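K.L.:
Can you read through this structure? Questions will come right after.
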Amino acid sequence: MTEKIIAVLAKFIVAVISKSGYLGVAALMGIESACIPLPSEVIMPFAGYLVYTGGRDPLTHLLFNLFWVATAGAIGCNAGSIVAYEIGYYGGRPLVERYGSYILLSRHDLDIADRFFLRFGSAAVFIGRLLPVLRTFIALPAGIARMPRLKFHIYTFAGSWPWCLGLAWIGMKLGKAWHTDPRLSHWLHRLDAVTLAFLLTAAAWFLWSHWKGRVRATAGLQTSVNTRR
């Protein structure tokens with residue numbers, strides 16, 4: 001089931017970039033940065049693969065270039081992060097605490113985010129953009145912390161650009177190796193199986209632990225209401 005989901009997601013990403021080029025890269029990375037888990041680990045490597053093949057942007061007819069692919073991805077990250085940042089900025093922690101459970105975001109998660117910002121300050125955005133998973137949601141606590149917008153976008157771009165560049169470079173190199181080394185395909189299939197098993201286990205643990213926390217919070221609230229009655 002997981003393999004089918006990933007395959008469908010990958011086909012969607014490939015289709016968008018193939019049809020809209022740099023704009024597609026920016027749009028997809030923007031979706032990821034708006035707290036929607038669309039994997040940049042698929043988006044940027046495929047863009048890098050198009051650099052290797054000498055593909056052209058269907059809108060501008062320019063050749064795909066590693067530098068501009070990374071820049072398009074980073075611009076998309078900045079654009080998409082505006083949504084999450086503003087939700088955190090104007091809604092604050094009370095809004096996230098009230099509705100966060102519907103996306104399995106608990107108070108414990110917010111406490112971790114608070115400590116993360118307390119420890120690293122504004123640099124938390126830069127560091128977070130270089131880390132898998134965390135980079136998707138880092139704009140939300142930045143907004144809650146009311147980090148200055150200009151500084152937020154500078155740190156977002158600074159952290160996103162090397163991430164996008166690195167993934168695109170990997171895609172470019174893998175594209176070359178795929179056609180020159182037949183052993184690569186064999187090892188990637190093995191790696192896929194290990195990765196899928198890890199992701200499935202991690203997702204199951206995340207859902208179980210957060211759902212249990214939500215049930216406990218709901219039960220505690222109901223007990224409090226009954227006591228007041």
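K.L.:
Multiply the residue gap between residue 111 and residue 95 by 0.36 nm, knock off their C-alpha separation, and tell me the result in nm, one decimal place.
P.N.:
Gain on stretching residue 111 to residue 95: 4.3 nm.
K.L.:
Mind checking the full-extension length gain between residue 151 and residue 170? Use 0.36 nm per residue of separation minus the Cα-Cα distance, one decimal, nm.
P.N.:
Full extension from residue 151 to residue 170 adds 3.9 nm.
K.L.:
May I pose another question? Which value, in Å² and to the nearest 10, is the accessible area of residue 18 when all protein chains are kept and the probe is 1.4 Å?
P.N.:
60
K.L.:
For the stretch 53-96, what is the accessible area per residue in Å², given a 1.4 Å probe and the full set of protein chains?
P.N.:
Heavy-atom SASA per residue in the stretch 53-96 reads 49 Å².
K.L.:
If you add up the charges near residue 124, with Lys and Arg at +1 and Asp and Glu at -1, over every other residue whose beta carbon is less than 11 angstrom from its beta carbon, what do you get?
P.N.:
With Lys, Arg at +1 and Asp, Glu at -1, the net is +2.
The values are calculated or read from the model by the stated rules, or taken from the named source; none is laboratory data. It should be emphasised that the depicted structure is a prediction, and the values quoted were computed from it without experimental measurement. Reconstructed Cβ throughout: ideal geometry from the backbone, glycine too, with neighbour counts over all protein chains shown. To get the accessible areas, we keep the full protein, side chains included, count just its heavy atoms, and leave off ligands, DNA and RNA. Shrake-Rupley method; radii C 1.70, N 1.55, O 1.52, S 1.80 Å.
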